[in-house]
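Student: Structure in structure tokens, see below.
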Amino acid sequence: MNEAMDALEARAHRQLERLRDLADRMAAVRVRETSTDGAVTAVVDGNGALVDLELSGRIAELSPAEFEQTLVSTTASAARRAFAERGALVTDFNEEAAEDSK
């Protein structure tokens, strides 16, 4: 019985370490996206939150509406990529967990 308990404890420890690793990897996600005209560069985290924004001198050539569209579309594109990266991390985690439970 002690051997079974040790195996269960070891499995739970591995799962906890994998969960911590997943959390660390998800927290480390950063995606940088630059607009096609180079006017806007947005960096978002794994939650899609804007963490850095760079504006080049090219923004002076844009109307307010064009600037708004460029800013929003560039940031949204970065967020989509960040969500895809997080999704891949979760998929990998789930596949590892399924293998471990066999």
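Student: Whose amide H sits under 5 Å from the amide H of V40, counting only residues 5 or more places off or on another chain, with H placed in the peptide plane?
Tutor: Hits under the 5 Å cutoff: S35, S56.
Student: Also: Peptides 59-68, 2-11, 39-48: what's the order by average Cβ count within 10 Å, highest mean first?
Tutor: Ranked from most to least packed, the peptides come out as 39-48, 59-68, 2-11.
Student: Can I ask one more? 222 nm [θ] for the chain, helices only, -39500 (n - 2.57) per DSSP H run of 4+, per residue, to 500?
Tutor: Mean residue ellipticity at 222 nm (helix-derived): -22500 deg cm²/dmol.
Student: With a cut-off of 8 Å between alpha carbons and a minimum separation of six or more residues, what is the relative contact order of the chain in percent?
Tutor: This gives 27 percent for the chain.
A short reminder: the numbers here are calculations on the coordinates, not readings from a lab. Keep in mind that what you see is a predicted model, and the values were worked out from it rather than measured. Backbone-built Cβ (ideal geometry, glycine too); neighbour counts: all protein chains shown.
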